[in-house]
Amino acid sequence: MSQPQVRPEIEDLPTYKAGKQVDAVAGLIPYKLSSNENAFAPSPAVLSAIIESASNINRYPDPFATALTKSISTKFDVPEAMIATGTGSVGVCQQIIQATCASGDEVMFAWRSFEAYPIITKIAGAINLEVSLKQDASHDLDAMAKAVTSATRVIFICTPNNPTGNVVSQSEVDEFLKKVPKSVLVIIDEAYVEFNRDPAAVNGLATVKANTNVGLLRTFSKAYGLAGLRVGYFIGPENVAEAVRKTAVPFGVSNIAQSAAVACLEHEEELLENVEAIVQKRNWFERELHALGVDFVESQANFVWLPVGKDTEAFTKLCAEYALAVRPFAGEGVRISIGEQAGLDRVLEVIKVFQLSKNVST
Ligand SMILES: *Cc1c(COP(=O)(O)O)cnc(C)c1O
């Protein structure tokens, strides 16, 4: 039967799996610990910026995000020409790949890493080059450098890595950049950088400034708590920033998102206090996991990775029975966001029940 034709690579695409909503369980408050969201509600200053700009939604937004671009430029001391904004950093990612890759070109990233990379690569008709993480879940930058071909256009380094939470060090990245041709764009995805406390981790901004082929991705969705508003940005080579602006969906970043993001940067100190509270909670959660003898990857993000392997499905199901949504990766492990305290307390309870049931069955 004839019907409108969709490109085969689009038909084959996996659908992006957003963090699952929590199913209701009688008597239990549900907690969603599956999407790395910020559990703090927006601050009064951010809320009033949102409300104020809401009264202008009969107008198109500023297509150049002028005020936000200025704020970012001031904050990082980079020229505005190096900055491009987008509908979340996923939107920016897609703009980057559309701007740099044609059919048959390659996009490289570690695997497992951020699930959006392979999807947006395929949408562009480009080819995914996935290089396995090492046994300890760290990036194998040696293998990645060796895997570069004449068709490689973009390499993503996600640090802290989603879903494993660990970072790539500055010295590793410096070594890597010596081996990668300057014609290849290396993107450091720092969606969770505000939660990092490891001084050896790569400094994305300094690396952008020191290299001609490095770009940075940042988002307001995680530390700044604006996941629902869709705003992120790129800082990098001017020609790439310009191309990223050209490939944006016109008027994609709403006025509400722009003014909320500006308000976040103006009130950053308060927001970073929340971030510090999340970091403290993460450290507490890891100590508890350690005390329970649970294997985990030390995290510098707002989530923790439990490599539970073949137990992934059973553990996720048990969490759901306790009204907890966590993020499973079948056969590999579970990612748990550092959300509400009561949710994390309950995760620890579920782990104890799970350990008990395993001891009984073995
Ligand atoms: C969450 C996330 C993003 C960004 O999400 P947006 O909401 O689109 O800004 C980007 N990269 C990684 C690795 C993430 O986990």
#### Entry: Two-site FRET efficiency, residue 179 against residue 10, from Cβ-Cβ distance with R₀ of 41 Å, rounded to 0.05
0.75
### Query
If you take the square roots of the eigenvalues of the alpha-carbon gyration tensor of region 235-313 and sort them as a ≥ b ≥ c, do you get rounded (a/c under 1.5), prolate (a/b over b/c) or oblate?
prolate
## Note on the structure
Any residue on another chain or 5+ positions along whose placed amide H is under 5 Å from the amide H of residue 162 is listed here as 114
### Query
Once fully extended, how much extra length lies between residue 330 and residue 292, figured as 0.36 nm per residue of separation less the alpha-carbon to alpha-carbon distance?
11.4 nm
### Message
As a footprinting exposure proxy, order 212, 85, 207 by other Cβ within 10 Å, with the fewest listed first.
### Response
212, 207, 85
### Backbone HN-Hα couplings from phi across region 262-276 [Karplus 6.51/-1.76/1.60, Hz, Gly and Pro as x]
4, 4, 4, 5, 5, 10, 4, 4, 4, 5, 6, 5, 4, 4, 4
### Query
For labels at residue 321 and residue 348 in the simple 7 Å Cα→Cβ model, what's the distance in nm?
2.2 nm
### Message
Could you check the spin-label model distance between residue 74 and residue 200? Points 7 Å from the Cα along Cα→Cβ, value in nm.
### Response
3.7 nm
### Query
What lysines could a cross-link reach from residue 317, if we take a straight Cα to Cα line under 29 Å and drop same-chain neighbours fewer than 8 places away?
17, 20, 32, 134, 222, 281, 352, 358
### Query
What are the residues whose amide H is under 5 Å from the amide H of residue 302, where those residues sit 5 or more places off or on another chain and H is modelled from the backbone?
none
### Task
Grab the Cα-Cα distance for residue 170 and residue 146, subtract it from 0.36 nm times how many residues apart they are, and report the gain in nm with one decimal.
6.7 nm
### Query
Tell me, what ³J(HN,Hα) does each residue in region 142-157 have, in order and in whole Hz, if you take phi through Karplus 6.51 cos²θ - 1.76 cosθ + 1.60 with θ = phi - 60° and put x for Gly and Pro?
4, 5, 5, 4, 5, 7, 5, 10, 5, 9, 6, 10, 9, 10, 9, 10
### Task
Starting from the Cα of residue 273, step 7 Å along the direction of its Cβ; do the same at residue 23; then give the gap between the two resulting points in nm.
4.1 nm
### Query
What shape does region 5-95 have by the C-alpha gyration tensor, where a ≥ b ≥ c are the square roots of the eigenvalues, rounded means a/c under 1.5, and otherwise prolate means a/b greater than b/c and oblate the rest?
oblate
#### Entry: Estimated Rh, the chain: Kirkwood, alpha-carbon pairs, angstrom
21.4 Å
### Contact order relative to length of region 1-107, as percent, for alpha carbon pairs under 8 angstrom and 6 or more apart
10 percent
### Query
Which whole-number percent gives the relative contact order of the chain, counting Cα pairs below 8 Å spaced six or more residues apart?
25 percent
### Message
Give me, ordered by chain and number, the residues 5 or more places off residue 25 or on other chains with an amide H under 5 Å from its own placed amide H.
### Response
none
### Task
Kindly identify region 188-248 as rounded, prolate or oblate by the Cα gyration tensor criterion: order the square roots of the eigenvalues as a ≥ b ≥ c, call it rounded if a/c is under 1.5, otherwise compare a/b with b/c, prolate if a/b is larger, else oblate.
oblate
### Query
Hey, got the dipole for the chain? About the Cα centre, +1 on K and R Cβ, -1 on D and E Cβ, debye to the nearest 20?
560 debye
### Message
Test of understanding: what is the full-extension gain from residue 356 to residue 48, defined as 0.36 nm times their sequence separation minus their Cα-Cα distance?
### Response
106.0 nm
### Query
Residue-wise, which Karplus ³J(HN,Hα) couplings in Hz belong to region 98-104, taking 6.51 cos²θ - 1.76 cosθ + 1.60, θ = phi - 60°, and x for glycine or proline?
4, 6, 10, 10, 10, 3, x
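Any idea what the relative contact order of region 129-185 is, in percent, if you count C-alpha pairs under 8 Å spaced at least 6 apart?
Reported as a whole number, the value is 36 percent.
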### Task
Quick one: check the C-alpha center-to-center distance for region 139-179 versus region 196-213, whole angstrom.
13 Å
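Coordinate-derived values only; no laboratory data. Just so we're clear, the structure is a prediction, and the values are computed from it rather than from any experiment. Neighbour counts run over all protein chains shown; Cβ positions are idealised from the backbone, glycine included.
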